[in-house]
1. Can you say whether ALA88 is among the small types (Gly, Ala, Ser), more than 14 Å from the chain's Cα centre (by Cα) and modelled with pLDDT of 95 or more, as far as the supplied structure shows?
2. Enumerate the pairs (first residue in the stretch 71-85 and on the phi < 0 side of the Ramachandran plot and surrounded by fewer than 17 Cβ atoms within 10 Å (Cβ to Cβ); second residue anywhere and part of a helix (DSSP H, G or I) and hydroxyl-bearing (Ser, Thr, Tyr)) with beta-carbon separation below 8 Å, excluding pairs fewer than 6 apart on the same chain, so at least 6 apart or on different chains.
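The values are calculated or read from the model by the stated rules, or taken from the named source; none is laboratory data. Everything numeric in this text was worked out from a predicted model, so none of it was measured. Don't worry about glycine lacking a Cβ; one is built from the backbone with ideal geometry, like all the others, and counts go over all protein chains shown.
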Amino acid sequence: MRVTDGYKSRFFSMAFIHCCSTLILKQIIMITNWNDKITFGKFKGYTVKEVFEYDATYLWWAMMNTDNTNFVEEVKNAIQKRTEEINAEKYGDLSWGDFCT
């Protein structure tokens, strides 16, 4: 092995790490307002408002399970309220006894 081979190998490793970290940094874009676009998942490219009108429970899931969302209070409250309404419509007449039989 030549001395330059070790240098090239270290340089390649550093370049690869830099490349990967740049890609990761570009992926983490905070979503905070109605007009921000979703940058991940099945609604990638849609605005928060569009997704809210179509499937508010997805925004609830994103808010609870990803680090990409940091919604302002207005958006958080609207998502929570709509998700509760959807759940009440779906599960409102069920009791724990329905799950145990």
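1. Answer is no for this residue.
2. So the pair list comes out empty.
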